[in-house]
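Just so it is clear, none of the values below were taken in a lab; they were calculated from the coordinates. Because the structure is a prediction, the values reported are computed rather than measured. Here the Cβ positions follow ideal geometry from the backbone for every residue, glycine too, while neighbour counts run over all protein chains shown.
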Amino acid sequence: MIVLLDNGHGGIVNGKYQTPGKRSPIWNDGSQLFEGEFNRAIVNGIIERLTRLKVNYVNLAPEYRDVTLETRVNRAHRFSSRSSFYLSIHSNAGGGHGSEIFTSPGSTKSDKIATVFGHEFQHTFPNKRLRTDFSDGDLDKEAKFYVLTRTKMPAILTENFFMDNENECKNILMTREGRDKIIEYHVNAILKTRQQLF
């Protein structure tokens, strides 16, 4: 199994964030989260642990510029003949709290992977909300996101807490402890996905 890792949006180049929007408010202490930086930190942490565990992976967007969605998907398709799944990492916004896991509409193998991730999130963060939609019988939310509908392999997208929620942003997304737990949840879910579904 190969995990195709997608750190959503761009990073910071020469002190300038590469993606318009996609950032937290500036909090009263002057701190601010840039989503692309957070996404890269989580993916890099996942890569470090997968390397030690000898789990195959590909970093689809190692650049710090904002790689287009089409390019990310095209890079993933180089591995479509292998046992693989696409994992896109994000942080949420728009008012709210908790985390979400998205798949494309319909019943696919992606739903089973999302369920593994959902259960692992609840194990790692037992006191935090997993925002679910059981209308189709499983916990994932469904959306026609480009990276979910255009990929040839199973694909999920995780939205990790809300960067415009000050408590979640400052106490989870911007802390080493919070980021380590998010990395842990993803790595444990990857291992269980490999064991159960591949």
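Here are a few things to note about the model shown:
- Antiparallel content of DSSP bridges confined to the chain, in %, to 5: 25 percent
- Furthest towards positive pole of dipole, 7, 99, 178, structure part the chain, Cβ charges: 7
- Computed over the chain: relative contact order in percent, which uses C-alpha pairs under 8 Å that are six or more apart: 28 percent
- Modelled label positions at residue 167 and residue 128, each set 7 Å beyond Cα in the direction of Cβ, lie 1.3 nm from each other.
- For the stretch 41-198, the square roots a ≥ b ≥ c of the C-alpha gyration tensor eigenvalues yield an a/c under 1.5, which makes the shape rounded.
- Restriction of the GluC sites (Glu not before Pro) in the stretch 1-49 to DSSP coil positions whose beta-carbon has at most 16 other beta-carbons within 10 angstrom yields no sites.
- Overall shape: oblate for the stretch 25-134, with the ratio a/c of the largest to smallest alpha carbon gyration tensor axis at 1.5 or above and b/c at least equal to a/b.
- In the chain, helices alone account for a calculated mean residue ellipticity at 222 nm of -11500 deg cm²/dmol, with every DSSP H run of four or more residues adding -39,500 (n - 2.57).
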